[in-house]
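Report on one structure; see the data block that follows.
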Amino acid sequence: MRPPDGEGTGAERGGAVSWGAVDGRRTALGGSAWLLTGPGDESRTISDNGELDEDDRVGFLRISGLAWGDYSVRETLAPVGYELADAPLSATLSAQQLEVNLGAVEHAPSPGDVTWQKVDPSGKLLGGSAWELTGPGGQTAPVVDNGENDQDPTPGVLSIAGVAWGEYTLTETRAPFGYVLVKRALKVSVGPDGLKATFGQVVNRPFVPHVPVPHVTQPPGS
């Protein structure tokens, strides 16, 4: 028989804890997992919409049947494309506080990468190119093969890490020596569904100089 209100152990008076995962716009994020620890060596992993999650909404989690005492909730798996929560959450369950809502935990987006390769028509890597990369908000940055802002040491392979989400436009400003500049702009997007974006192989044609053919005047009668 259940004891009267205000009596009994924590196990007899089960409590509940709930929380959520959101992005910077307060949009719910699914796919997270959390480790809940508490009194009496309590330790459970709660996955969003998993077996122990009692809230069927994506991005919202709840677990009940908890004994009274102090609890810690630490994220072990962040939503795809986002960073783990910075710090654990804490809750205390008691006769006066049978359910605690820890609120929505905001997640920062994971930074992305953009890469590309400079090649000749046969696919051979070409060093020595230079570029302008335009990102979200119109911000531009120079990228020089094995120089400014290039984070890949291989000649002909260019990479920039830690970029923000959004659309990027790449324009070649200097072709490898002996090759024709590529004038078309290339575009990729970085976001939760594609943190590692690539412009692919950018092909340069060899420069063929125009050699004028001299005009030879034939003498009369020849």
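Given the conditions (1) in contact with a Gly (Cβ under 9 Å, 6 or more places away or on another chain); (2) surrounded by 14 or more Cβ atoms within 10 Å (Cβ to Cβ), and given that A161 satisfies all but one, which numbered condition is not satisfied?
For A161, the failing item is (2).
Return yes when W116 is modelled with pLDDT of 95 or more and within 30 Å of P79 (Cβ to Cβ) and no when it is not. Let's see the steps before the verdict.
On the way: modelled with pLDDT of 95 or more: yes; within 30 Å of P79 (Cβ to Cβ): yes.
Spelling it out, W116 is indeed modelled with pLDDT of 95 or more and within 30 Å of P79 (Cβ to Cβ).
Can D86 be described as free of Cβ contacts under 8 Å to residues at least 60 places away in the same chain, out of contact with any Pro (no Cβ under 9 Å at 6 or more places or on another chain), surrounded by 15 or more Cβ atoms within 10 Å (Cβ to Cβ) and assigned to a loop (DSSP other than H, G, I, E, B)?
On the way: free of Cβ contacts under 8 Å to residues at least 60 places away in the same chain: yes; out of contact with any Pro (no Cβ under 9 Å at 6 or more places or on another chain): yes; surrounded by 15 or more Cβ atoms within 10 Å (Cβ to Cβ): no; assigned to a loop (DSSP other than H, G, I, E, B): yes.
Here the answer is no, as D86 does not meet what is asked.
Taking only the range 21-43 into account, find how many residues are surrounded by fewer than 15 Cβ atoms within 10 Å (Cβ to Cβ), closer than 30 Å to A95 by Cβ and in contact (Cβ under 8 Å) with a residue 12 or more places away in the chain. Break it down stepwise before answering.
We begin by selecting, within the range 21-43, every residue surrounded by fewer than 15 Cβ atoms within 10 Å (Cβ to Cβ); these are 24-27, 30, 37, 39-43.
Filter again for closer than 30 Å to A95 by Cβ, leaving 37, 39-43.
Still in the list and also in contact (Cβ under 8 Å) with a residue 12 or more places away in the chain: 37, 39-40, 42.
Adding up the residues that qualify gives 4.
Scan the range 141-164 for residues that are among the hydroxyl-bearing types (S, T, Y) and farther than 21 Å from G194 by Cα and jot them down. Break it down stepwise before answering.
Residues of the range 141-164 that are among the hydroxyl-bearing types (S, T, Y), as a first pass: 154, 159.
Answer for the range 141-164, where residues must be among the hydroxyl-bearing types (S, T, Y) and farther than 21 Å from G194 by Cα: just T154.
For P153, indicate whether it is outside the structural domain of E83 (by TED's automatic domain parsing) and in a loop (DSSP other than H, G, I, E, B). Break it down into steps so the answer makes sense when it comes.
Values: outside the structural domain of E83 (by TED's automatic domain parsing): yes; in a loop (DSSP other than H, G, I, E, B): yes.
In short, yes.
Go through the residues of the range 90-105 one by one and say whether even a single one is farther than 30 Å from P206 by Cα, aliphatic (A, V, I, L, M) and within 24 Å of the chain's Cα centre (by Cα).
Residues of the range 90-105 farther than 30 Å from P206 by Cα: 90-105.
Going one step further and asking which of them are aliphatic (A, V, I, L, M), we end up with 91, 93, 95, 98, 100, 102, 104-105.
Going one step further and asking which of them are within 24 Å of the chain's Cα centre (by Cα), we end up with 104-105.
Yes; the residues of the range 90-105 include at least one that is farther than 30 Å from P206 by Cα, aliphatic (A, V, I, L, M) and within 24 Å of the chain's Cα centre (by Cα).
Among the numbered criteria (1) in contact (Cβ under 8 Å) with a residue 24 or more places away in the chain; (2) in a loop (DSSP other than H, G, I, E, B); (3) loosely packed, with under 14 Cβ neighbours inside 10 Å, which single criterion is violated by P176?
Against the list (1) in contact (Cβ under 8 Å) with a residue 24 or more places away in the chain; (2) in a loop (DSSP other than H, G, I, E, B); (3) loosely packed, with under 14 Cβ neighbours inside 10 Å, P176 comes up short only on (3).
Could you check the range 56-83 and list, in sequence order, the residues that are charged (D, E, K, R) and either surrounded by fewer than 18 Cβ atoms within 10 Å (Cβ to Cβ) or at pLDDT below 95 (or both)? Even if it seems obvious, please write down each step before you answer.
Going residue by residue through the range 56-83, those that are charged (D, E, K, R) are 56-57, 62, 70, 74-75, 83.
Matches in the range 56-83: D56, R57, D70, R74, E83.
Looking only at the range 99-125, which residues are crowded, with 16+ Cβ neighbours inside 10 Å, of a type in the set (G, A, S) and not in a strand (DSSP E or B)?
Matches in the range 99-125: S110 only.
Take the conditions assigned to a strand (DSSP E or B) and of a type outside the set (G, A, S) and apply them to K187. Does it pass? Steps first, answer last, please.
On the way: assigned to a strand (DSSP E or B): yes; of a type outside the set (G, A, S): yes.
Yes; evaluated as a whole, the condition is true for this residue.
The values are calculated or read from the model by the stated rules, or taken from the named source; none is laboratory data. Source: prediction; values computed, not measured. Cβ sites come from the backbone with ideal geometry, for glycine too, and all protein chains shown count toward neighbours.
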